[in-house]
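Written out below as structure tokens is the structure these notes cover.
The values are calculated or read from the model by the stated rules, or taken from the named source; none is laboratory data. This structure is a prediction, so every number in the text was calculated from the model and none was measured. Using ideal geometry, Cβ is built from the backbone for each residue, glycine included, and neighbour counts are taken over all protein chains shown. Each accessible area value is taken on the protein alone, full model and side chains, heavy atoms only, with ligands, DNA and RNA left out. Shrake-Rupley method; radii C 1.70, N 1.55, O 1.52, S 1.80 Å.
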Amino acid sequence: MAGGTLCVGKAAWDAAWEHVRRERPREAVGAFVGRQCARRAVPLPNVAGDPRVAYRADPAALLRLLREAEAAGEVVLAFYHSHPFGLARPSARDRAEAYWPLPYVIFGLAEDRARAYLLPSGKEVLIEVVDRAL
Ligand SMILES: [Zn+2]
């Protein structure tokens, strides 16, 4: 990730949108995985107590993903989750629970828009969707 930009392949981008729409009314959570640019969107089970208002990626599934990506020479480039009836902005809880030094992509289905942030700072990261083979 260079210059505060997150690069995502169009197929991965479309797959993430499909995932977050499919999960509504629950919050969806997943990861963008690739090398320089995300080649795939990997859905993760949301094990939050009430997945309608919160998300928590299943720790075992996340660990499997991290190992599998490493074995494939890939990395997790960003995490994503959705606000099924909200905006593409981090909630107080999103900031408080942020852990990874990676962009957090938030899909705000109320405005049909996605934006990415470093958290907890809230600094916005540009998303570049590229339509080419990765
Ligand atoms: Zn959120």
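Summary table below
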read-out	value
Net dipole in debye of region 2-134 [+1 Lys, Arg Cβ; -1 Asp, Glu Cβ; about Cα centre; nearest 20]	40
Fluctuation leader among GLY73, GLY122, GLY86 - the chain, Gaussian network, Cα springs under 10 angstrom	GLY73
Accessible area expressed per residue, region 5-130, with surrounding protein chains retained (probe 1.4 Å, Å²)	50
Beta bridge orientation in region 5-130: antiparallel %, DSSP, nearest 5	65
Efficiency of FRET from Cβ geometry, ARG35 and ARG132, R₀ 22 Å, rounded to 0.05	0.95
Cα pair count fraction exceeding 19 Å, expressed as % - region 10-70	33
The chain: proportion of alpha-carbon pairs further apart than 19 angstrom, %	44
For the chain, built as a Gaussian network whose Cα springs stay under 10 Å, the top-fluctuating residue of ALA28, ALA116, ALA54	ALA54
Zone residues, region 21-42, relative to PHE85, backbone N less than 14 Å from point 7 Å out along Cα-to-Cβ	24-27
Potential extension, ALA60-ALA11 segment - 0.36 nm per residue separation minus Cα distance	15.1 nm
Within region 94-117, backbone nitrogen closer than 14 Å to the virtual label 7 Å beyond the Cα of ARG24 toward Cβ	107-114
